[in-house]
1. So what is the relative contact order for the chain, in percent, with contacts set as C-alpha pairs under 8 Å and at least six apart?
2. Report, to the nearest 10°, how far helix 93-104 tilts away from the longest principal axis of the Cα atoms in the chain, using its own Cα long axis and a range of 0 to 90°.
3. Mind pulling the angle between the C-alpha long axis of helix 200-210 and the longest principal axis of the chain? Nearest 10 degrees, somewhere in 0 to 90.
4. Report the net charge of residues surrounding D10, where surrounding means a beta-carbon distance below 11 angstrom and charges are Lys +1, Arg +1, Asp -1, Glu -1.
5. Using a cut-off of under 11 Å, list every residue of region 163-182 whose amide N is near the label point 7 Å from the Cα of R211 along the Cα-to-beta-carbon line.
6. What number comes out for accessible area per residue over region 6-102 if the probe is 1.4 Å? Units Å², please.
7. Could you work out which residue, out of V194, V86, V100, moves most in a Gaussian network model of the chain, that is, has the largest mean-square fluctuation with Cα springs under 10 Å?
8. Per DSSP helix of 4 or more residues, -39500 (n - 2.57); summed, then divided by the residues of the chain. What does that give at 222 nm, rounded to the nearest 500?
Amino acid sequence: MQLQFVGCGDAFGSGGRYNTCFHVTGESVNFLIDCGATSLPALKRLDIARDAIDLVLITHFHGDHFAGLPFLLLDAQFSRRTRPLVIAGPEGIETRLAQVMEALFENSSKTKQRFGLSVVALSPEQTRSFGAVKVTPFPVVHGESGGPFLAYRIEAEGRVIAYSADTEWTQTLIPAARDADLFIAEAYTYDKVVKNHLSLATLEAHLAEIRPKRLVLTHMSDDMLERLDTLAYTTASDGMVVEL
Ligand SMILES: [Zn+2]
Ligand SMILES: [Zn+2]
């Protein structure tokens with residue numbers, strides 16, 4: 001199994017990075033984690049076959065994690081996709097998806113797709129399986145609008161991938177990511193504490209409790225990107241592949 005960072009940027013395109021989107025592939029799985037506004041061109045740039053993707057997991061409804069779905073769905077429609085697709089995310093996802101489709105492409109939410117499309121709302125700490133992918137969402141803390149906010153603990157092919165999503169420090173990140181084979185954690189700032197986001201210093205203070213086997217930092221603002229050469233941690237870059 002492998003995970004490729006299709007995009008690892010923040011909402012502001014810091015460092016010229018694409019919005020958040022990770023692509024996981026293996027013998028029996030092919031799914032995305034998040035699909036931000038710029039994710040379709042990012043997928044195409046990496047030559048990723050969109051029609052092989054079975055599942056998209058969404059962490060929250062901010063545009064840099066969610067607003068790529070209308071483009072992905074229209075691309076699927078126009079490229080005559082037939083393979084069913086599941087989109088799963090926080091409570092309210094069905095309404096939010098219809099709203100963003102209508103805002104960007106009027107009447108597109110009413111178009112009947114040629115492929116089976118299921119939109120599934122996930123509840124915190126309730127494990128769901130989608131084919132060979134087992135997903136447990138954990139509630140995280142990321143402000144007043146754009147939620148509910150979910151971190152994910154994902155089990156597939158004998159491995160555990162955890163993703164913090166966007167969040168300030170919250171204890172739920174410990175069960176979400178404990179002993180994970182790969183923990184992708186937001187490190188928005190270096191040591192400055194910013195509301196609704198995680199700093200590397202705060203994350204660092206809790207790493208001993210989380211004990212990830214591998215840690216990759218993502219969603220970095222300029223404050224972090226300016227220090228990339230000096231950090232003692234693996235940092236994501238667009239196109240980077242992690243073998244699991
Ligand atoms: Zn974000
Ligand atoms: Zn966000």
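The values are calculated or read from the model by the stated rules, or taken from the named source; none is laboratory data. Here the structure is a predicted model, which is why all the values come from computation and not from measurement. Here the Cβ is made from the backbone with ideal geometry for all residues, glycine too, and neighbour counts use every protein chain on show. For accessibility, only protein heavy atoms count, side chains too; no ligands or nucleic acids. Shrake-Rupley method; radii C 1.70, N 1.55, O 1.52, S 1.80 Å.
1. After rounding, I find 18 percent.
2. 70 degrees
3. For 200-210 against the chain, the angle is about 90 degrees.
4. -4
5. Residues 178-180 fall inside that zone.
6. 37 Å²
7. It is V194.
8. Per the formula, -5500 deg cm²/dmol.
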